[in-house]
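Some notes on the structure that comes next.
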Amino acid sequence: MSNALEDKSRTVLANSNNPSNSPAVRASELSTTNTMCKVPLYDFLSELPKCEHHLHLEGCLTPALLFRLAAKNNIRLPSADENPAYASPEALAKRYEHFDNLEDFLQCYYRAMRALVTEEDFEVLGWEYFTNAHRDGVQHAEVFFDPQSHTSRGVSFKTIVTGFYAACRRAKTEFGITSRLIMCFLRHLPVTSASDTMRAAIDGKYFDAIDEGESPKISALGLDSSEVGFRPELFKEFYLEAEKRNIHRTAHGGEEGDPTYISGALDTLHVERIDHGIRLVEDPELLQQVVKEGIMLTICPLSNLCLQVVKDIRDLLIKEFLAKGVKFSLNSDDPAYFRGYVLNNYLAVQDAFRLSIDDWKVIAQDSVQGSWIGKERKDELLAMIDDCVIKYSSL
């Protein structure tokens, strides 16, 4: 990660002319404004124990790491003549500062994955995430990976999972971070590809518990990639199979797709969470269903901004969700592409909405309660949140 991006992990853009009433961060400001300041409650937000639920491990592949792995594995990247963005890691990082939409981003995202070949590569990538997450105060993480992007290139399913799981175990040992792996289906690929992926996970017993007190190598199913035109109902059989096996379930919905992509995931796939879900506000009846059923949204503020899903962080209606009892967590999605890890997203939301410590306590507590962990670990995390809130309650 470049020094500029590291700086953005600790600060957030604001309007120095009127810091008490600064506007929300906008996409254009992220790369063009040099006026930066610490937001109110910065120290509190830095220290607040966090759970992350919407993080694509492949989205942590920085340009520097991409170039290094490509060289190691003799993977040819586009030449500077073919694509000037690939002239250097710095040039590619500059390219990542602007995406027209989700599809524009996905082209870069899938191209970069070709550099991942060995078990070690996947472990290194996973560790890239956990070291940054630890710095940002993450205590528990439930992270996505896209096996079809790799098996289609001849990388074995075992290589992918073993590498990522090794990073998870190392994070537990070195940082005390608990984690879960979520296997995603790529919705733009043929359903037969999803079937092959599900079969590989079942036959390899990756959904099975390893030892008492230790999670399976794969704890849940997810659904990602291009949303519009690839409805959740296409994947019904796999989700119902997962439900029979007591495997947790989530799906991307309501990012670019309309609210029916959310309702389809809830009613047909029986998901326990919705990833993104920001278009929920367009359907009041569906919003009430989400509140009643305690469905948590995994919101990614900077991702939504960088992909121009919203023009302004305030369009996410965070305060409305809090007022109506919509449970949500805040997440970094693909931090190598979207200007930073989870703390950056907390700071951007605080800059936009000026939330109180009590508001943040609710967000943090809901993030814990929406996690797929046991009561003992939840109680431990909730106690850590209480301690942090008490420490900063005089602010």
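Values in this text are rule-based calculations from the coordinates and carry no lab data. Keep in mind the model is a prediction, meaning the values are calculated, not measured. Note: ideal-geometry Cβ built from the backbone for every residue, glycine included; neighbour counts use all protein chains shown.
Structure above, values below:
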item: Single unsatisfied condition, VAL39 versus (1) part of a loop (DSSP other than H, G, I, E, B); (2) more than 24 Å from ALA348 (Cβ to Cβ); result: (2)
item: Of all residues in segment 254-293 being at positive phi and either part of a helix (DSSP H, G or I) or free of Cβ contacts under 8 Å to residues at least 60 places away in the same chain (or both), the one that is surrounded by the most Cβ atoms within 10 Å (Cβ to Cβ); result: GLY277
item: Failed item, numbered, when ARG249 is tested on (1) crowded, with 19+ Cβ neighbours inside 10 Å; (2) farther than 15 Å from TRP372 by Cβ; (3) free of Cβ contacts under 8 Å to residues at least 40 places away in the same chain; (4) in contact with a His (Cβ under 8 Å, 6 or more places away or on another chain); result: (2)
item: Odd one out for SER215, checked against (1) of a type in the set (Gly, Ala, Ser); (2) over 21 Å from LEU116 (Cβ atoms); (3) free of Cβ contacts under 8 Å to residues at least 24 places away in the same chain; result: (3)
item: Any hit, segment 84-92, residues being farther than 16 Å from ASP334 by Cα and buried (at least 22 other Cβ atoms within 10 Å of the Cβ); result: no
item: Residues (out of contact with any Ser or Thr (no Cβ under 6 Å at 6 or more places or on another chain) and more than 22 Å from GLY126 (Cα to Cα)) located in segment 175-197; result: LEU189, PRO190, VAL191, THR192, SER193, ALA194, SER195, ASP196
item: Residues being touching a Pro at 6+ places or on another chain (Cβ under 7 Å), crowded, with 16+ Cβ neighbours inside 10 Å and over 21 Å from GLY59 (Cβ atoms) - total across segment 169-225; result: 2
item: Residues that are surrounded by fewer than 20 Cβ atoms within 10 Å (Cβ to Cβ) and either without any contact (Cβ under 8 Å) to a residue 24 or more places away in the chain or touching a strand residue (DSSP E or B) at 6+ places or on another chain (Cβ under 8 Å) (or both), drawn from segment 226-236; result: GLY229
item: Residue list for segment 314-347, restricted to those being touching a Lys or Arg at 6+ places or on another chain (Cβ under 8 Å) and assigned to a helix (DSSP H, G or I); result: VAL342, LEU343, ASN344, TYR346
item: Condition met for LEU302 (crowded, with 20+ Cβ neighbours inside 10 Å, more than 18 Å from ASP258 (Cα to Cα) and of a type outside the set (Phe, Trp, Tyr)); result: yes
item: Tally, over segment 362-377, of residues that are charged (D, E, K, R) and buried (at least 17 other Cβ atoms within 10 Å of the Cβ); result: 1
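This table checks each residue for (1) within 30 Å of SER195 (Cα to Cα); (2) assigned to a helix (DSSP H, G or I); (3) out of contact with any strand residue (DSSP E or B) (no Cβ under 7 Å at 6 or more places or on another chain).
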position	(1), (2), (3)
GLU82	no, no, yes
ALA112	yes, yes, yes
LEU125	yes, yes, yes
THR131	no, yes, yes
